[in-house]
Amino acid sequence: MGEKDVLHTDVLVIGAGPSGLAAAQTAAAGGASVTIVEATGEIGGNAAFSTGYLAFAGTSAQRKLGIADSPDAYLADLLAEVEHRRELFDPEFDTAVAERFTRESGAGFEYLRDLGFWFDRIVSRPLQHSVDRTVVMTAPAQFRDVFADHLERLGVTVLVRRRARELVRAGGAVTGALIEGPGGTATEVRAARGVIVTTGGYQASSALRARHRPDADPDSPYPGLDTNLGDGHLMLEQAGAALVNMHMVPEVVLIASRLIEECIAVTEDGVRFHDETGPEALRLRALRRLPGAIGYYLCDARTAQGKAQLLADVPAPKKTFESLAGVARAIDADPAVLADTIRRWNETVESGVPADPEFGRVVFPRPRTGITTPPYTVVPMVVGTNISAGGSRVSPDMEVLDVRARPIAGLYAAGDCSAGISAAIGIGGLHLAAGITLGRVAGRSACA
């Protein structure tokens with residue numbers, strides 16, 4: 001970088017995903033001047049393009065349906081998920097941070113409702129959550145649109161297409177960051193009260209994946225934006241932070257939850273073989289048990305049109321056929337077998353039963369209409385990496401901790417570059433809910 005400009009702010013937030021947006025809005029609402037920098041051209045991060053599933057405990061949406069929930073019940077579910085991961089990853093999990101999250105998660109939901117977010121339902125995830133607590137956003141683009149309005153009202157300075165390169169330290173504290181802008185322009189943002197790093201994961205970085213998971217393919221497809229390069233992890237490490245769980249780059253079958261609600265998965269023989277909406281680890285296991293690990297997702301025209309962007313995000317070639325017989329020929333299945341599979345599925349969906357009698361699936365299309373409208377789209381099931389789970393150790397106040405477990409003055413982290421509860425990565429709705437809830441904690445802490 002050449003000559004650099006200098007900007008002054010109370011709180012600097014690096015990354016404009018859900019945790020960064022919640023941190024920035026919370027700090028600004030508390031009276032701080034706030035600057036937020038984002039590597040892409042708009043705010044919202046991966047969340048604005050996600051399926052919009054968030055899991056909170058003790059919400060007004062649950063109470064309205066008579067669902068009893070508690071922070072302790074949610075914590076127990078998180079701990080159970082960590083145990084499921086222990087055989088493969090032996091992860092580190094911070095119970096104190098998890099307790100902070102579960103205790104404040106209900107308030108995180110009400111916070112979004114108060115900002116103007118809309119949710120249309122609660123979905124059941126019985127193999128992950130002991131009670132129904134996963135809410136579904138009406139439109140994930142609200143992360144961009146609703147927050148943009150609030151940040152503007154609060155006078156938050158939003159700098160897009162800016163990439164943080166280095167944290168600045170003085171007198172043992174983090175005091176700001178060096179920011180690279182378009183054309184190599186350089187800015188030093190000096191933060192009088194704190195810097196909050198919320199830059200997401202590192203699943204888009206082949207180099208970091210090869211470094212921390214040398215046993216896995218570093219170039220396999222991944223969910224999310226190509227700016228998830230681990231910039232925050234590298235800056236935090238350089239500032240003396242302790243990074244943990246960096247080997248946790250789990251493999252998954254890549255498909256959005258909101259899309260899979262309206263699909264079925266079939267083998268080369270044209271038969272269903274698992275609960276498509278179940279836990280990611282079980283989905284992956286079921287696929288790998290098939291000969292050649294070959295399976296296909298199938299949906300009809302209504303889904304292909306209504307979920308076009310989510311379907312386009314599946315990293316595999318899609319083919320469309322006017323008849324189920326055409327689909328059967330394409331995957332080398334017996335047309336009669338595939339037709340019978342679709343018939344049984346449609347009868348289950350349209351019967352209104354609460355659970356699929358074949359595999360126990362409890363999440364169905366809304367409205368409950370089967371795969372009935374041609375043309376039909378078929379897409380191969382593709383294994384890739386999930387959102388990475390490694391990051392910095394943090395305190396329950398989201399202070400970044402050094403290798404001796406001491407807070408680094410002036411430095412906070414939230415979201416996928418912090419590792420407090422990321423070991424429970426596989427539990428549905430955790431990423432976004434934790435990003436919002438703990439982002440708010442970081443915003444308050446930076447202003448304290």
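Laboratory data are not the source of any read-out in this text; all were calculated from the coordinates shown. In this text the structure is predicted, and so the values were computed from the model without any measurement. Cβ placement follows ideal geometry from the backbone for every residue including glycine, while neighbour counts extend to all protein chains displayed.
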Rounded, prolate or oblate (a/c below 1.5 giving rounded, otherwise prolate when a/b exceeds b/c) for region 311-448 by Cα gyration tensor: prolate
Of Ala32, Leu79, Gly58, farthest towards positive along the dipole that unit charges on Lys, Arg, Asp, Glu beta carbons give region 1-122: Gly58
Size of electric dipole in the chain: Cβ of Lys, Arg +1 and of Asp, Glu -1, about Cα centre, debye, nearest 20: 460 debye
Helical contribution to [θ] at 222 nm, DSSP H n ≥ 4, -39,500 (n - 2.57), averaged over the chain, rounded to 500: -10000 deg cm²/dmol
Assigned charges on the beta-carbon of Lys, Arg, Asp, Glu; region 254-385 dipole about Cα centre (debye): 280 debye
Likely footprinting exposure, Ile342, Ile421, fewest C-beta neighbours within 10 Å first: Ile342, Ile421
Convex hull volume per residue in cubic angstrom - Cα atoms of the chain: 136 Å³
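Would you list Asp77, Asp132 from fewest to most Cβ contacts within 10 Å?
Asp132, Asp77
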Two-site label geometry, Arg211 and Ser70: point separation in nm, points 7 Å out along Cα→Cβ: 4.4 nm
Added length on full extension, which subtracts the Cα-Cα distance from 0.36 nm per residue, Ala336 to Ser323: 3.5 nm
Given charges at Cβ of Lys, Arg, Asp, Glu: the chain dipole, positive-most of Gly270, Gly295, Leu225: Leu225
Ascending count of other beta-carbon atoms within 10 Å, so fewest first, for Ile36, Ile43, Ile331: Ile331, Ile43, Ile36
Added length on full extension, which subtracts the Cα-Cα distance from 0.36 nm per residue, Ala301 to Ala80: 75.7 nm
Exposed GluC sites (Glu not before Pro) absent: longest stretch of the chain, with sites in DSSP loops and at most 11 other Cβ within 10 Å deemed exposed: 4-321
Contour excess over end-to-end distance, with Cα ends at Ser130 and Arg368 and 0.36 nm allotted per residue: 83.2 nm
Gyration tensor (alpha-carbon) shape descriptor, region 252-385, a/c threshold 1.5: rounded
Two-site label geometry, His8 and Arg161: point separation in nm, points 7 Å out along Cα→Cβ: 2.9 nm
